[in-house]
Amino acid sequence: MNDIREESLASDDVRQIDGLRDAHARLKAELGRVIVGQTEVVDRLAMCLFARGHGLLMGVPGLAKTLLVSKLAETLSLRFSRIQFTPDLMPMDITGTDILQDAADGRRGFEFVRGPIFANVVLADEINRAPPKTQAAMLEAMQEHKVTVLGRPYTLSPPFLVLATQNPVEQEGTYPLPEAQLDRFMFLIELDYPSEEEEVQIARRTTGDDLPALNPLLRSDEIVQFQQLVRRVPVPDHIYQTAVKLARRTRPQEGVAPEWLKPLVAWGAGPRAVQYLILGGKARAALQGQYMVRLEDLRDVAVPVLTHRIVTTFAAQSEGIDARKIVERLVEETLGDRA
């Protein structure tokens, strides 16, 4: 292992990875004072943050999605903003706009008032309830980390993380996210019901005294340094090749796609999926204190990266086969027991 460290990373990077691993452990412990369970979800959120990606949270109401995201920002000393998406929400409600103001000298002029997108962690709650024009206002911010208002660009301060939620139960009056916007999200993070024991703990914690304030663990400049560190994590050639192979096997038009998949998938994952497979693997390796990406890192991030990038056919839907099942089978066939 020492040889791998010396050949792959500078000694300073090795120390930083050790520090990131410790910070990740402290982050989970601190969030555990408020959030019951959801350890895998916390891991996914941390990977999104340190890989400079964004996450789409899918779960029924009442699973503490808003509380989790707000407490994550609190423990990381980041500015948090929540946007409740509604059918009447306009783009300027997100980005901000010019307001006519009276100056001290009596003159009147327009002054730009920043919208809620100007934060470090933005929770886009029920993003599928807003019309497409408003959903599209998020695209530039998520992809370019800037917004344009009345022809003027405004840069968003790093780190910048968008976590959007969708309610999978109630679909009346919603505007499903188009594939182009779904592709902007690094992970699809699915939240499930807690176990019986966890639900008992939730009842005890939330029906007593106020929840405790959490201790800040990192500063924004430290997070940016860790984001840069994640980009430097080495990736062996066979990991790149496996990531490309996995993404290409989701495309029914490709010759490498398995025969069983072709009648089930209309469109497969694009090149951005390969990028996020690698970045997700880098983030997972660094958070666990590893000094290069391994196949087990790729296997762990494959389902959240690929699931929302696959469009199933009517034949798959009629048989009750969803994208997650398809991805899980592909991962098993492609990676097997090689990790």
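Only the coordinates and a few stated rules stand behind these numbers; no lab work does. Only a predicted model underlies this, so the values are computations on that prediction, with no experimental measurement involved. Cβ sites come from the backbone with ideal geometry, for glycine too, and all protein chains shown count toward neighbours.
An ellipsoid equivalent to region 55-128, defined through the eigenvalues of its Cα gyration tensor, has semi-axes of 32, 16, 8 Å when rounded to whole angstrom and sorted largest first. What does the C-alpha gyration tensor say about the overall shape of region 143-229? Classify as rounded when a/c is under 1.5, otherwise prolate if a/b is larger than b/c, or oblate. In terms of gyration-tensor shape, oblate. Apply the Debye scattering formula to region 41-166, with a single equal point scatterer on each alpha-carbon and no solvent, then give log10 I(q)/I(0) at q = 0.13, 0.16, 0.21 Å⁻¹. The Debye formula, applied to the Cα set alone, gives -0.55, -0.79, -1.23. Dipole magnitude for region 1-103: about 440 debye, using +1 per Lys or Arg Cβ and -1 per Asp or Glu Cβ, origin at the Cα centre.
Loop-located GluC sites (Glu not before Pro) in region 105-172 (DSSP state not H, G, I, E or B) with no more than 13 neighbouring Cβ atoms inside 10 Å: GLU170, GLU172. Take region 203-261, drop everything but the C-alpha atoms, weight them equally and run the Debye formula without solvent; then report log10 I(q)/I(0) at 0.23, 0.24 Å⁻¹ to two decimals. Treating every Cα as an identical point scatterer, log10 I(q)/I(0) equals -0.96, -0.99. In the chain, taking the dipole from charged Cβ atoms about the Cα centre, the farthest positive-side position among LEU123, VAL244, GLY336 is held by VAL244. Between ARG231 and ARG152, full extension at 0.36 nm per residue minus the direct alpha carbon distance yields a gain of 25.4 nm. The peptide list 246-252, 100-106, put in order of mean Cβ contacts within 10 Å with the highest first, becomes 246-252, 100-106.
For the modelled label position 7 Å from the Cα of TRP267 along Cα-to-Cβ, which residues of region 185-219 have backbone nitrogen atoms closer than 19 Å? It comes to 185-188, nothing else. For region 1-128, DSSP calls about 60 percent of its internal beta bridges antiparallel.
Each residue of region 204-305 gets 180 Å³ once the volume of the Cα convex hull is shared out per residue.
Spacing of the modelled spin labels on ASP22 and GLU198, each 7 Å from Cα toward Cβ, amounts to 2.9 nm. Annotation: amide H-H contacts under 5 Å for THR250 (H modelled 1.01 Å from N, sequence separation of 5 or more, or interchain): ALA269.
For the chain, the spread of Cα coordinates along the three principal axes comes to 72, 51, 47 Å, biggest extent given first. Here the dipole of the chain is about 740 debye; that uses its Cα centre as origin and unit charges on the Cβ of Lys and Arg (positive) and Asp and Glu (negative).
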